[in-house]
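The values are calculated or read from the model by the stated rules, or taken from the named source; none is laboratory data. On a predicted model such as this, the values are computed, not experimentally measured, just so you know. We place every Cβ from the backbone using ideal geometry, glycine too, and count neighbours over all the protein chains shown. Side chains are part of the model used for accessible areas, which takes the heavy atoms of the whole protein and leaves out ligands, DNA and RNA. Shrake-Rupley method; radii C 1.70, N 1.55, O 1.52, S 1.80 Å.
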There are 2 protein chains.
Amino acid sequence: MSNSTPATIEDVARIAEVSIATVSRAIHMPEKVANSTRLKVNQAIAITGYTTNAMARSLRLGRSNMILVVAPDIGDPNFSNILVGLENEARAHGYGILIGHTQNDAQRGLEYLKFLNSNQAAGLILFTGILPFGHQTMTARLPPSVGVFEPVFNGGIPYVGVDDTEGARKAVDLLLAEGHRKIAFIGDSRTRLAYTRRRMGYDAGLDAAGIPPDTRIVLEGDGTIESGRHAVEQLFMRDTLPTAFMCVNDQTAIGVMVGLGARGYDIPRDFSVTGFDDVPQAVFISPPLTTIRQPRTAIGKQAMALLLELLSDGRPTETEILLRPDLVVRNSVSAPSRNWSKR
Amino acid sequence: MSNSTPATIEDVARIAEVSIATVSRAIHMPEKVANSTRLKVNQAIAITGYTTNAMARSLRLGRSNMILVVAPDIGDPNFSNILVGLENEARAHGYGILIGHTQNDAQRGLEYLKFLNSNQAAGLILFTGILPFGHQTMTARLPPSVGVFEPVFNGGIPYVGVDDTEGARKAVDLLLAEGHRKIAFIGDSRTRLAYTRRRMGYDAGLDAAGIPPDTRIVLEGDGTIESGRHAVEQLFMRDTLPTAFMCVNDQTAIGVMVGLGARGYDIPRDFSVTGFDDVPQAVFISPPLTTIRQPRTAIGKQAMALLLELLSDGRPTETEILLRPDLVVRNSVSAPSRNWSKR
DNA sequence: ACGCCTTATGTAAACCTTTACATACATCGT
DNA sequence: ACGATGTATGTAAAGGTTTACATAAGGCGT
């Protein structure tokens, strides 16, 4: 029973007094085997504690029961909850997940290519917007894949994310409702689609409020804390100060708050700030950040569900799933101060 | 070249005009094959883009190249950096890692047992102090395993962590050096060894300073934010206030700070607070938390290195590796205020 | 009673590798 | 010149599973 080497299908077959084919069928196509035999097999399985050897099975089937999840940074606060969603859904369907992080290093990406080529993963979940591996040639060989947050590189791969435009719209609308008219957008970027879309929401909100766009207060950024801080400095140097900072993500917002704090300003009294993502820190920084929440667990679940569908059907039913983002009101937004609204 | 089905060892053998055995040897025991043939084989590999099929290899070898990492909570801020260390070290030796989180649910743990039984993981890294699976019977069948942070359940498994006693000692010594004499210990627990050891460091520090222990200001806790908050309430109700709170971890410290803030006190003016772990939030909360840094990447690296050693040797060289924790001074500690030091 | 269809089970090949063993050949010491 | 030793390569088995195909048996219509 508690043998050193695990039981094989043959052990089960011997005890149940059937052939190994029957055992395999009893497990995977129960309706194809007589009730009485199925019972014998099940008993034998219980006795031996048999578990299918996944290696042999994958080898035979030519496909594994593992899904590779590639992310640029596992430590990213956005990542872990997505993972929960991914994992729960995967396991519910008999798949396991394998995690790799590229650390934005192309070399790393290549190593994961090996996994794929050696059939260790049946499917792929891509977090980066850019395919981590040697682009064009590889695409053909990629297993069924799903992107998270953003469509991947050269398309053809469905993805699930949040409706960035709508989320940004909610943020800008809140700011407008509070009475802000000079609202900066921090973190503009043409390379990341999610950021581009958030910019679109910002533009749309301003437009709907009849406020003409002012590119002097739209600053570029790469979503890091440093980029937020830098943007604040630029605005002060150019003397084109807004009353509110709508940031492309929470990290940027934190940078903005740090920059503003370093110059002695109080938030939200002197300036309002909004973020995007609702990372765990958002609630701990001071003041707690008003931001847009990503339904992370749901995103993970949906992404995996889509991938599993691809794995069985082979054909994606939809090419893009956008979830609804929610506004989370905390304490970093208020009406514009008298001082600044004069400008 | 860019065939639909990946190249096998036979394709390589045919092109290189050798037998498959030679190809295998050229890859895994290069010194056993003549230079000229090795060259031919390498060229053939380059042409075909061959990668060893991990399934077949694992099946043949009877062991996989995957390491299962089981953690109670992937979202734990302590987790991700450890993972980086684990993963880097693993990949450097040709292993991949597989992540599972039990969410403190025994049922979940059982599902991972299947992975192990089906030979999908060659080794195991355990984050929980408690073996996640049906305890006694299973231990025999466990693959080589290493614990992180704490020894696992019933021992026999080496572990790597931080020297909790020393870390706690550094925190209490800082507080003492600032002049504190009434230092509370928040988060005492007999079930988690790491916490018990931190308590030991606290006791030792007090003892060395000639301060008699005062159990009225040693409160239990489970390391959650809520537990820290609760402890503060208790101390106020009992009217046994300390001048400083030494917390068993950062979460508890955050809870303490929240509780103190809710009562209108300023940190560090009215009370000093220290944490343990140096989670990413520690720098963002206000005031930034003075705490003990866990060398997380190093812990991960060491744990994996130990496991790999186990996998080759089969015998652990050491049963416990304790890394040195560092004090990180931020802004939550100052000399005791005049008001409170009068007590 | 016979052929035919259906249902339940068994046999054996295939998936791709690694490696013990066998073979072939070259080198060396005598 | 010959046996011994060593080196380089090939042959074939084994690892655990799934499944196409073969077989066997039972039921049914005529």
Problem set entry | When residues of the range B:225-271 are limited to those that are outside any helix (DSSP H, G or I) and within 14 Å of chain A (Cβ to nearest Cβ), the one farthest from B:GLY167 (Cα to Cα) | B:ASP266
Seminar exercise, completed: B:THR191: passes all of (1) assigned to a helix (DSSP H, G or I); (2) among the hydroxyl-bearing types (Ser, Thr, Tyr); (3) over 25 Å from B:ARG269 (Cα atoms) but (1)
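Tally time: how many residues in the range B:272-285 are touching a residue at least 24 places away in the same chain (Cβ under 8 Å) and assigned to a loop (DSSP other than H, G, I, E, B)?
Number satisfying all stated conditions: 5.
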For this session: Filter the range B:285-324 for residues that are of a type in the set (A, V, I, L, M, F, W, C) and surrounded by 22 or more Cβ atoms within 10 Å (Cβ to Cβ) and give the result.
Result: B:ILE285, B:LEU289, B:ILE292, B:ILE299, B:ALA303, B:MET304, B:LEU306, B:LEU307
Exercise. How many of the residues in the range B:64-96 are within 7 Å of chain A (Cβ to nearest Cβ), open to solvent by less than 10 Å² (accessible area, probe 1.4 Å) and either in a strand (DSSP E or B) or basic (Lys, Arg) (or both)?
Worked result: 1
Exercise. Residue check, B:LYS40 against (1) away from DNA strand C (no atom under 16 Å from the Cβ); (2) in the same structural domain as B:LEU142 (by TED's automatic domain parsing); (3) touching a helix residue (DSSP H, G or I) at 6+ places or on another chain (Cβ under 9 Å), all met but one. Which one?
Worked result: (2)
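Among the residues of the range A:151-192, how many are of a type in the set (Gly, Ala, Ser), modelled with pLDDT under 95 and in contact with a Ser or Thr (Cβ under 8 Å, 6 or more places away or on another chain)?
Just the residues of the range A:151-192 that are of a type in the set (Gly, Ala, Ser), to begin with: A:155-156, A:161, A:167-168, A:171, A:177, A:179, A:184, A:187, A:189.
Next, only the ones that are modelled with pLDDT under 95 stay: A:155-156, A:161, A:189.
From what is left, the residues that are in contact with a Ser or Thr (Cβ under 8 Å, 6 or more places away or on another chain) are A:156, A:189.
Of the residues in that region, 2 qualify.
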Exercise. What do you reckon, is A:LEU327 open to solvent by 20 Å² or more (accessible area, probe 1.4 Å) and touching a residue at least 12 places away in the same chain (Cβ under 8 Å)?
Worked result: yes
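Table: residues versus (1) within 7 Å of DNA strand D (Cβ to nearest atom); (2) assigned to a loop (DSSP other than H, G, I, E, B); (3) surrounded by 19 or more Cβ atoms within 10 Å (Cβ to Cβ).
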site: A:ARG25; (1), (2), (3): yes, no, no
site: A:GLU31; (1), (2), (3): no, no, no
site: A:THR37; (1), (2), (3): no, no, no
site: A:ASN42; (1), (2), (3): no, no, no
site: A:ILE47; (1), (2), (3): no, no, no
site: A:TYR50; (1), (2), (3): yes, yes, yes
site: A:SER58; (1), (2), (3): no, no, yes
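Against the condition within 7 Å of chain A (Cβ to nearest Cβ), in contact (Cβ under 8 Å) with a residue 40 or more places away in the chain and open to solvent by 50 Å² or more (accessible area, probe 1.4 Å), how does B:ASN119 come out, does it pass?
Considered against the rule, which asks whether it is within 7 Å of chain A (Cβ to nearest Cβ), in contact (Cβ under 8 Å) with a residue 40 or more places away in the chain and open to solvent by 50 Å² or more (accessible area, probe 1.4 Å), B:ASN119 comes out as no.
Kindly indicate the residue of the range B:9-23 that is within 14 Å of chain A (Cβ to nearest Cβ) and within 12 Å of DNA strand D (Cβ to nearest atom) and also surrounded by the fewest Cβ atoms within 10 Å (Cβ to Cβ) among those meeting that condition.
Initially, the range B:9-23 is screened for residues within 14 Å of chain A (Cβ to nearest Cβ), giving B:9, B:11-12.
So of that shortlist, the ones also within 12 Å of DNA strand D (Cβ to nearest atom) come out as B:9, B:12.
Working: B:ILE9: 20, B:VAL12: 27.
In this case the residue turns out to be B:ILE9.
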